[in-house]
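So the structure is just underneath, and the comments pick up after that.
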Amino acid sequence: KRTGATVLKQARKWLKLPTKKEQILEQRKTGVRWCSLHLLPYRDPVNDTILGFMHNWLEGVLEHQLRVLW
């Protein structure tokens, strides 16, 4: 199970890598890369992230429009 501390550790490691190629390989391995939101001390990158919100919302709205309203 992922924890916020683990993700932050992986993100810091990604940030310190010297080349883009190494960053890409690390991101493929862990699925994590650096984001400026990691600087916020009160934010947990695992518990405070909504996955696919816009994608799911748009899909739901479009599905409703196409199936119900049309």
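The values are calculated or read from the model by the stated rules, or taken from the named source; none is laboratory data. Everything numeric in this text was worked out from a predicted model, so none of it was measured. Cβ coordinates were reconstructed from backbone atoms using ideal geometry, including for glycine residues, and neighbour counts include every protein chain displayed.
Quick check on my filter: what residues within the range 7-28 are of a type outside the set (Asp, Glu) and touching a helix residue (DSSP H, G or I) at 6+ places or on another chain (Cβ under 9 Å)?
Quick first cut of the range 7-28, residues of a type outside the set (Asp, Glu) only: 7-21, 23-25, 27-28.
Matches in the range 7-28: 7, 8, 10, 11, 12, 13, 14, 15, 17, 23, 27.
Which of the residues spanning the range 1-33 are basic (Lys, Arg), closer than 21 Å to residue 49 by Cβ and loosely packed, with under 14 Cβ neighbours inside 10 Å?
Taking the range 1-33 as the starting set, the residues that turn out to be basic (Lys, Arg) are 1-2, 9, 12-13, 16, 20-21, 28-29, 33.
Narrowing further to those that are closer than 21 Å to residue 49 by Cβ: 1-2, 9, 12-13, 28-29, 33.
Hits for the range 1-33 are 1, 2, 9, 12, 28, 29.
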Within the range 40-56, is even one residue modelled with pLDDT of 95 or more and of a type in the set (A, V, I, L, M)? yes
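Tally the residues that are among the charged types (D, E, K, R), touching a residue at least 12 places away in the same chain (Cβ under 8 Å) and in a helix (DSSP H, G or I), restricting the search to the range 3-34. Step through it out loud before you land on a result.
Going residue by residue through the range 3-34, those that are among the charged types (D, E, K, R) are 9, 12-13, 16, 20-22, 26, 28-29, 33.
Among the residues that remain, those that are also touching a residue at least 12 places away in the same chain (Cβ under 8 Å) are: 12-13, 26, 33.
Next, from what is left, pick out any that are in a helix (DSSP H, G or I): 12-13, 26.
Selection size over the range 3-34: 3.
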